[in-house]
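Novice: Sending over a structure as structure tokens; questions will come in a sec.
The values are calculated or read from the model by the stated rules, or taken from the named source; none is laboratory data. For clarity, every value in this text was computed on a predicted model and none was experimentally measured. Virtual Cβ from ideal backbone geometry, glycine too; neighbours counted across all protein chains shown.
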Amino acid sequence: MSKFISQLYLRSYSVGEIKQKGGFAQLYAVTRSFAYVSDKLGRIITAPRGFETDFAGIPRAAWEFLDPEDPIIAWPSVIHDFMYSCKGTLPDGFTYIREQADAVLREGMEVCGASPMVRNSVYQAVRAFGGNHWG
């Protein structure tokens with residue numbers, strides 16, 4: 001059964017730190033390993049301590065409907081961001097394709113209780129616009 005098997009602990013970067021890294025969006029660092037069991041992949045995916053995430057890259061204009069910091073989106077987004085950062089090969093050598101990483105995002109949102117509309121909206125956005133972050 002798909003589920004998160006640890007709590008999500010984060011450190012929020014300051015504006016100065018974000019600018020120093022050349023960014024502009026809020027950025028977070030995972031402060032304790034964060035693990036998710038995925039039925040889609042048949043394995044545990046663990047974002048390690050120190051992994052950096054910006055959650056979902058949802059345009060600010062859409063935040064009224066899809067808040068990237070809402071746990072139903074944020075928790076699965078950390079795992080998804082980690083999978084994208086691995087570019088198809090997890091640290092244990094397991095390989096996957098982008099479509100599988102995106103399916104894990106949708107699966108995780110369902111686990112968190114996101115409505116079908118939210119799951120499908122985020123999934124369709126990542127399918128349409130996420131490719132440049134993959135490779």
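Novice: Across segment 85-135, which residue is surrounded by the fewest Cβ atoms within 10 Å (Cβ to Cβ) among those that are modelled with pLDDT of 95 or more and aromatic (Phe, Trp, Tyr)?
Specialist: Here the residue is 94.
Novice: I'd like to verify a number: residues in segment 110-135 that are part of a helix (DSSP H, G or I) and either over 14 Å from the mean Cα position of the chain (by Cα) or not aliphatic (A, V, I, L, M) (or both), how many?
Specialist: Total meeting the criteria: 17.
Novice: Checking residue 107 against (1) among the acidic types (Asp, Glu); (2) more than 18 Å from residue 26 (Cα to Cα); (3) without any contact (Cβ under 8 Å) to a residue 60 or more places away in the chain; (4) in a helix (DSSP H, G or I): exactly one of these is not met. Which one?
Specialist: (3)
Novice: Do you know which residues across segment 31-55 are in a strand (DSSP E or B) and touching a Lys or Arg at 6+ places or on another chain (Cβ under 6 Å)?
Specialist: Selection gives 37 alone.
Novice: Quickly run through segment 18-57 and pick out the residues that are at pLDDT below 95, surrounded by fewer than 13 Cβ atoms within 10 Å (Cβ to Cβ) and in contact with a helix residue (DSSP H, G or I) (Cβ under 9 Å, 6 or more places away or on another chain).
Specialist: 24, 25
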